[in-house]
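The values are calculated or read from the model by the stated rules, or taken from the named source; none is laboratory data. These numbers come from a predicted model, not from an experiment. Here the Cβ is made from the backbone with ideal geometry for all residues, glycine too, and neighbour counts use every protein chain on show. Protein only, heavy atoms only, side chains kept; ligands, DNA and RNA dropped before computing areas. Shrake-Rupley method; radii C 1.70, N 1.55, O 1.52, S 1.80 Å.
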Amino acid sequence: MGVNEILLLRSRAPSRKAPSPCPPRSYAVRWKAQFRFLSTPGKATEVHRMPVRSPSAQASPELLELRHRIRHSASHIMADAVLQLFPEAKYAIGPPIEDGFYYDFDVARPFTPEDLEHIETLMRERIAQDVPFIRTEVSRNEAKAAFREQPYKQEIIDGIPESESLYTLRHGPFTDLCGGIHVEQSGQVAAFKLLSVAGAYWRGDERNPMLQRIYGTAWESQEALDNYLELLEEAERRDHRRLGRELDLYSVHDEIGPGLIVWHPKGGVLRTIVENYWREIHTRHGYNLVYSPHIGRSNLWRTSGHLDFYQENMYAPMELDEQEYFLKPMNCPFHIMIYRSELRSYRELPLKIGELGTVYRYERSGVLHGLMRVRGFTQDDAHIFCMPEQVESEVGGVLDLTFEILRAFGFDEYQIMLSTRPEKYVGDLEMWDHATASLRNALEQRGLHHDIDEGGGAFYGPKIDIKIKDALGRDWQCTTVQFDFNLPERFDLSFQDSESHRARPYMVHRAILGSIERFLGVLIEHYGGAFPLWLAPVQAVVIPIADRHLPYADSVASRLRGAGLRAEVNAKSDRMNAKIRQAQLQKVPYMLVVGDRESEANAAAVRLRDGSDLGPLQLEDIVARMTSEVAAYA
RNA sequence: GCCACCGUAGCUCAGAGGCAGAGCAGUUGUUUCGUAAACAACAGGCCGUCGGUUCGAUUCCGACCGGUGGCUCCA
């Protein structure tokens, strides 16, 4: 979406990203990720036996603060241990984070797994000593002197305004510059574990030196730590890359190229269902669905501004007939050309042009990740061209559509962010104010809680972003609704108003699922691969008990397919038990076992994915049951 | 792109400077079975690619490609 994320970045003050020496005492208000999973417990191999949610989601504020203290103190204890092993190490910052903590060090060589073990041992010793944490206010000069060997601390001190007090925090022999809140005694760090080492730029800026960051987690009890570690394992079992392979949904190939997805038949079914649902609901909401090519001439991208500001994210041009063509990184210019293909009247507005548009972006190699971050992806893109007085109801319409769609996929809670005008912007103030107010009003009319990112909008317009959270605890931005005051100017868009004057339309970009690839990745993890019936690539497997039941099994599958259901027969020469196991592992919702009894009674013995056995049911009843389940998006 | 780690069969992973291995998956055959794994045989490999060291490299070294976890970025 949007024209140019790069400019958005540039428009932000650099100070926004600078880490504070100690994190503020307040906690970011965590939204509750609520996932609906199949609730029936299954056997040990069931992936969906445990609801995945961050342990922080249901903790009281008091407990959250205790954990914050424990984690912050654990980071100090870790720095203490690192300094014992590596006296030359320079230590940078070590804040608590969600579910844990980290500390960044400048060391001569990277940490090894063995180092982490030694560090853990030293940490345990310090915790067993139960030493007090002592906070002391110090003058600027005292602080500079105390950390004269620590260049990063010097930089932090220099970055703290003169008006603010400085504090040191000491436990045992280790002193850090820190005004944050901590436990009283090191013994209160009841349970911790170091998890990983990673490179991280000082102050998050790639022009700065890269430091070695150690991540750890710390909890108020061994039980809480164990629960967390179990959660991590569950998240790994739900990883869409693992499930994508196990359920035969998609693959990536060296030969094709990194970040380029091929969808296998089962993944193709899943995607087709999602896309057909999308098309149907968008048509119902008055969108005009279009198609546009994958490449366009350089002139188009010059006009849109992409060549000036986005080219580093674009695939290199192809030259044909002395013309340069670029793979499209965005759909906007094509939809604009459709708008511009005739003189528009105010009577035609709002005009909503939508497309499942596949775009290609040259993402940096280190950021690619399964389906979540790829180089070729399909946006559920649409652009709304409208008049000023239509803006609010159009934004409202997008929000209503968004929640209808997200609810159908089982997402019930969201984090909504409204981003307002940055320092550098295009368009006039009045438009910005009007657009921002309409975004806010549309949210408030619907009673939707949202946070405000002051100045966080793109240079070309304010926006609403909606995030959903995946099973690994990551927030994924799917939905985005952005005003654009830039492209209508660049392409000189207009319409004829009721007084026959030329007027400039408002343009709103919006994507609800964001990228189909990413959304399916989120969906795979959200359901742990156990898709609800309407999405399941295979809805029913017919399992003949012996080969003599094969003809009947085929007739059962045909009957289901005749009713629009996706059914397969497992005709392998395995025993029934093995076939049930295979269907279970493939998370097929319905297993229809047919033997002598069933074939005589025009029935099938129904076993559900959750292990329940419904016994023999008439085929008509099975079809009716499944069809109504599909109709309810259940 | 940067830092670290990793690339051996479709998957998970052993292995060792001198004949390439297991389990699962696959194929075939036997079995015809009542709610989570029948039995057997077979097949499967440029040990990521290129270069170097060596009598000999899948193994050691380097570069590249790809992956993983982060950083940065982002739909």
Where only protein heavy atoms count, and the probe is 1.4 Å, what is the accessible area per residue for the range A:169-246 in Å²?
45 Å²
Contact order normalised by length for chain A, with contacts defined as Cα pairs under 8 Å and 6 or more residues apart; what percent is it?
13 percent
Whole-percent carbon and sulfur contribution to the accessible surface of chain A (1.4 Å, no ligands, DNA or RNA) stands at 50 percent
Calculate, in whole percent, how much of the Cα-Cα pair population of the range A:540-631 lies beyond 18 Å.
35 percent
Restricting attention to the alpha-carbon atoms of the range A:72-136, what are Rg (one decimal) and Dmax (integer), both in Å?
11.8, 35
With the other protein chains left in place, how much accessible area per residue, in square angstrom, belongs to the range A:487-634 at a 1.4 angstrom probe?
40 Å²
What does the helix-only formula give at 222 nm for chain A: each DSSP H stretch with n ≥ 4 adding -39500 (n - 2.57), the total divided by the residues, and the result rounded to the nearest 500 deg cm²/dmol?
-10500 deg cm²/dmol
Cα centroids of the range A:483-516 and the range A:82-136: how far apart, whole angstrom?
54 Å
Using DSSP to call loops (not H, G, I, E or B), can you name the GluC sites (Glu not before Pro) in the range A:234-282 whose Cβ has at most 11 other Cβ atoms within 10 angstrom?
A:E255
Just to confirm my numbers, what's the Cα centroid distance between the range A:591-628 and the range A:535-590 in Å?
11 Å
Within the range A:99-181, trypsin sites (Lys or Arg not before Pro) in DSSP loop having at most 12 other beta-carbon neighbours inside 10 Å
A:R148
Which GluC sites (Glu not before Pro) does the range A:493-578 hold that lie in a coil by DSSP with at most 13 other beta carbons within 10 Å?
A:E499
From the square roots a ≥ b ≥ c of the eigenvalues of the alpha-carbon gyration tensor of chain A, which class results: rounded (a/c under 1.5), prolate (a/b over b/c), or oblate?
oblate
